[in-house]
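**Student:** Quick one: the structure is below, questions incoming.
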Amino acid sequence: MAHSRRAFRRSRLDRRVKRVRRRGHSLMSTASGPWVLLGFWAALVAAAVFAVVFLVVPMVSRISEAAPSPSMQVSGEGNGGEPAAKTIQTTELGALQKEISPGVRYVGDTCSYGDTIIFSGGVDENGNPLLKNIYSLSVSSETPEELPITAKNQDLLSLDMNDSWIVFTDGSRDGDGIVRAYNRQSKTTKDVKLYYAGQPALSLSGNILAWTERTGTYMDKLYVCDLSTMEYVTMATFENNRYGQSSPCAANGQLIWAESDPDAGTDEGAKSVIRYISLESGGEAGSYKANMYVHDPVTNGQDWAWIDSDHADGSKLYASINMGDPILIAEDVLTYGITDDFLAYNQNSSIYVYFFDDGYEQIITPASESALLSDVSSDKVIWFETGIITRDVLKYAAIS
């Protein structure tokens, strides 16, 4: 979304003044003439003051608020240099938000692609959350449609989608489950792989599905599966390694994940590299030295973002624009997501959007509301309005 300064033009009013000849004596020749003239000038001065205070000052104030201040960005030294802090001005975009009517009391996970939003939800016979259904909702419709997907376990979560597939985990409350894929054209569902512990975070790019899965007591593996052939390979193995708890991300033909920097020496885990590979051309994976710890990196195919801790309090959110030096976006961030044009994140119960093209940043949730970020995909930011206990309130904003 481009944010340019608006040019304000002032127009002139051409006023025609008629000179009126008066007959008889002039006003100043009368006894009350000077007092009348003094009153006239006093009224004229008062009118000028009124115009300045109530018209000119508010107009200048509105212009100041509408025009964004330039962002200040200081680059680090080389790839992986010191992260650069960024000064931004925030403007509320709460008018963009729209509320979704899910039709169910409890909503689990959400995702969007194009004009379609999907979410899992449902209740059991006692009214407790049981997320056994996936619903599809067009932004032009108020009525969600239940998709023909039958859960094999309790909860359908970790949604991701594109024009061909909807992928999700079909999980048991005991911790195991199945990675599954729904074909949007044939309206059929197939099992991709069983998992025995935890809940993988799924990431989809074209026919390629990526996720990290716990495969042993101290072992995690990063898998990549071609949904068209059902062939999958192990891209990385994490043995007794904290990076096994960091999710990969696939988008626009690129896959990225975090690993320990091999040049960090004995300070293992304190500094990371972001590994990246093209899902279209293949080849060897490249490495980007972040010069800091990296957790849950996300990509739009060329720009990246990550936090510098394992979702601990005080986590800092960083971005790398087209593999450039890290930029510090915000602090105290736990949830975030990326699209082709912007990075959205949750901070202090509000949701902000950072635009890659000009570094401008805006807040999209009203100050009076408390928000919990649910998903960032396509051009949409989806969140829950918290503080309401009778039902889940789901909202979104399309940023274009």
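**Student:** In the range 333-348, what count of residues is obtained for those that are out of contact with any strand residue (DSSP E or B) (no Cβ under 6 Å at 6 or more places or on another chain) and free of Cβ contacts under 8 Å to residues at least 40 places away in the same chain?
**Tutor:** Residues flagged as out of contact with any strand residue (DSSP E or B) (no Cβ under 6 Å at 6 or more places or on another chain) and free of Cβ contacts under 8 Å to residues at least 40 places away in the same chain within the range 333-348 amount to 2.
**Student:** Considering only residues of the range 294-341 that are at positive phi and among the acidic types (Asp, Glu), which is surrounded by the fewest Cβ atoms within 10 Å (Cβ to Cβ)? Working first, answer last.
**Tutor:** Step one: filter the range 294-341 for residues at positive phi, giving 296, 301, 311, 314, 322-323, 332.
Filter again for among the acidic types (Asp, Glu), leaving 296, 332.
Details: 296: 21, 332: 13.
Among residues in the range 294-341 that are at positive phi and among the acidic types (Asp, Glu), the one surrounded by the fewest Cβ atoms within 10 Å (Cβ to Cβ) is 332.
**Student:** Among the residues of the range 116-147, which ones are more than 16 Å from residue 105 (Cα to Cα), touching a residue at least 40 places away in the same chain (Cβ under 8 Å) and not aliphatic (A, V, I, L, M)?
**Tutor:** Passing the criteria: only 116.
**Student:** Go through the range 129-170 and give me each residue that's assigned to a strand (DSSP E or B) and of a type in the set (S, T, N, Q).
**Tutor:** Our first condition is that a residue be assigned to a strand (DSSP E or B); within the range 129-170, this holds for 129-138, 145-146, 155-161, 165-170.
The answer is 133, 136, 138, 158, 169.
**Student:** Right, something else. Tally time: how many residues in the range 201-220 are over 18 Å from residue 239 (Cβ atoms) and outside any strand (DSSP E or B)?
**Tutor:** Going through the range 201-220 one residue at a time, the tally reaches 4.
**Student:** Oh, and also: Could you count how many residues in the range 108-130 are aliphatic (A, V, I, L, M) and surrounded by 23 or more Cβ atoms within 10 Å (Cβ to Cβ)? Before the answer, list the steps.
**Tutor:** First pass over the range 108-130, keeping only residues aliphatic (A, V, I, L, M): 117-118, 123, 130.
Checking which are surrounded by 23 or more Cβ atoms within 10 Å (Cβ to Cβ) leaves us with 117-118.
Matching residues across the range 108-130 total 2.
Okay, residues lined up against (1) at pLDDT below 90; (2) assigned by TED's automatic domain parsing to the domain that holds residue 352; (3) within 30 Å of residue 287 (Cβ to Cβ); (4) in contact with a helix residue (DSSP H, G or I) (Cβ under 8 Å, 6 or more places away or on another chain):
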residue	(1), (2), (3), (4)
74	yes, no, yes, no
96	yes, yes, no, no
108	no, yes, no, no
112	no, yes, no, no
117	no, yes, no, no
128	no, yes, no, no
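The values are calculated or read from the model by the stated rules, or taken from the named source; none is laboratory data. Bear in mind that the values here come from a model prediction, so they are computed numbers and not experimental data. For neighbour counting, all protein chains shown are included, and Cβ atoms are generated from backbone atoms with ideal geometry for every residue, glycine included.
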